[in-house]
Amino acid sequence: MANLSTSYMGLQLKNPIIVSSSGLSNSIENLKKMEAANAGAIVLKSIFEEQIMMEADKFIDSTDPSLSAMKKGFNDILTNRSYDYVEAMDYMSNFAKEHSLKEYLNFISLAKKSVNIPIIASINCVSAYDWSFFAKRIQEAGADALELNLYILPSDINKTAANYDEMYKKIISDVKKYVSIPISLKLSYYSSSLVNTFVDLSKSGISGMVLFNKPYNPDINIDKIEISSGRIYSSADEYLRTLRWTAILSGRVGCDMAASTGVHNYETVVKLILAGSNAVQVASLLYEKGIEEINTLVNGLNKWMDEHNFKYIDEFRGKLSQINIENPAVLERVQFMKSYAQIV
Ligand SMILES: Cc1cc2nc3c(=O)[nH]c(=O)nc-3n(C[C@H](O)[C@H](O)[C@H](O)COP(=O)(O)O)c2cc1C
């Protein structure tokens, strides 16, 4: 029996399978099921920066001059943000109406009392407006770590890549003023110089990065001739993008990495660890096949390690990362050209 324990952001996990943030981690009953199914840690459903701004006056002194700036910031966000994004829609329609920030904080405390595995709170944010004070409340409520889902689509024609990088750094430094628990960034792959940006961000005070958030992709309905929503759940081959960038970043970043998107079987878990991730996150699989699937991933990983005589995760983690393989080009374009040339 292999030892599946791993360290992620300084948290000791009994195995590398982390439940991703989603509506599934929004009830104590489900958290207990996740623990029973052997999850290594759980990321709670995100709260959105909009809600923090909306309820800011309940949490800070209303005579505070920053409040009006915050309110203005909130209105700006409401005007600019696209609510097409599935997480925002899901959250705004189901959760925000029924729950307040206070309830989110109570939920964190209750979650900590209900399960023994690490609980990672999550904030979904799109701007560097001054919502970061709320991170302190999350820490006080007992969260073991905080994941920041920075969904910033670099679509503004007036902003350079450097402008976006600065925005990330400002958010990190603002949040770090309020908390001492580990912070991770959940990033999208929309970056003009991904490796340079991510290595830089990994050294700006965070303890982990989650690669990648699955962006909402609009589609077109040709019968109605209108924009429609793309697929919400990932498919089993969507891990390939994560695999490549994890392998390229492994050993170069200054923090831990959790691989996310497209984890649907234990083979993918093994591959992502071989590429260099400390842990993997999973959501769609649990929606489609049930929370018990965590056990299938854990057992599969265990069996594979036994078959390959690995006692510890660290014996094979990063073995196939770019810095550890003989021909680093296989992770880049050269191999792509070779593969296509073989198909006649
Ligand atoms: C219904 C649903 C709700 C989600 N809600 C959140 C959320 O609140 N915060 C967040 O960071 N990610 C959210 N996600 C994204 C997942 O955490 C995950 O990053 C994404 O689904 C890719 O992983 P997967 O391939 O295992 O599904 C959600 C995903 C789904 C399918």
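The values are calculated or read from the model by the stated rules, or taken from the named source; none is laboratory data. Being a predicted model, the structure only gives us computed values, none of them experimental. With ideal geometry, Cβ positions are generated from the backbone for all residues, glycine too; neighbour counts draw on all protein chains shown. The accessibility values were calculated without ligands, DNA or RNA, using every heavy atom of the protein model including side chains. Shrake-Rupley method; radii C 1.70, N 1.55, O 1.52, S 1.80 Å.
Points worth noting:
- Tyr287 paired with Tyr178, simple spin-label distance in nm, labels 7 Å along Cα-to-beta-carbon: 2.8 nm
- If the segment from Asp200 to Ala236 were pulled out straight at 0.36 nm per residue, it would be longer than the present Cα-Cα gap by 9.9 nm.
- The mean sequence separation of alpha-carbon pairs under 8 Å and at least six residues apart, normalised by the residue count of the range 6-318, gives a relative contact order of 20 percent.
- Annotation: extensible slack from Tyr190 through Asn299 equals 35.8 nm (criterion: 0.36 nm per residue apart, minus Cα-Cα distance).
- Of the beta bridges in the range 6-318, as assigned by DSSP with both residues counted there, near 20 percent are antiparallel.
- Applying the Karplus relation 6.51 cos²θ - 1.76 cosθ + 1.60 with θ = phi - 60° to the range 273-290 yields 3J(HN,Hα) values of 6, 4, 6, x, 7, 7, 8, 10, 10, 9, 9, 3, 3, 6, 5, 7, 10, x Hz, where x marks Gly and Pro.
- Peptide packing: for 259-268, 101-110, the average count of neighbouring Cβ atoms within 10 Å per residue gives the ranking 259-268, 101-110, highest mean first.
- Length available on full extension from Gln12 to Lys136: 0.36 nm per residue minus the Cα-Cα distance, which gives 42.4 nm.
- The range 236-288, accessible surface, carbon-and-sulfur percent (1.4 angstrom probe): 46 percent
- Efficiency of FRET between Ser228 and Asp314 - r from beta-carbon atoms, R0 45 angstrom, step 0.05: 0.50
- Shape index of the range 6-318: Rg/Rh, with Rg the Cα radius of gyration and Rh the Kirkwood radius from the inverse mean 1/r over Cα pairs, equals 0.95.
- Charge sum, other residues only, whose C-beta stays under 14 Å from Tyr164's C-beta, Lys/Arg counted +1 and Asp/Glu -1: -1
- Among the trypsin sites (Lys or Arg not before Pro) found in the range 281-322, not one is both in a DSSP coil and sparsely packed, with 10 or fewer other Cβ atoms within 10 Å of its Cβ.
- Debye intensity ratio I(q)/I(0), log10, the range 235-297, q values 0.20, 0.23, 0.26 Å⁻¹ (C-alpha model): -0.69, -0.87, -1.05
- Near the amide H of Tyr8, within less than 5 Å, lie the amide hydrogens of Leu13, all on another chain or at least 5 residues away, with H placed in the peptide plane.
- Charge sum, other residues only, whose C-beta stays under 11 Å from Tyr266's C-beta, Lys/Arg counted +1 and Asp/Glu -1: 0
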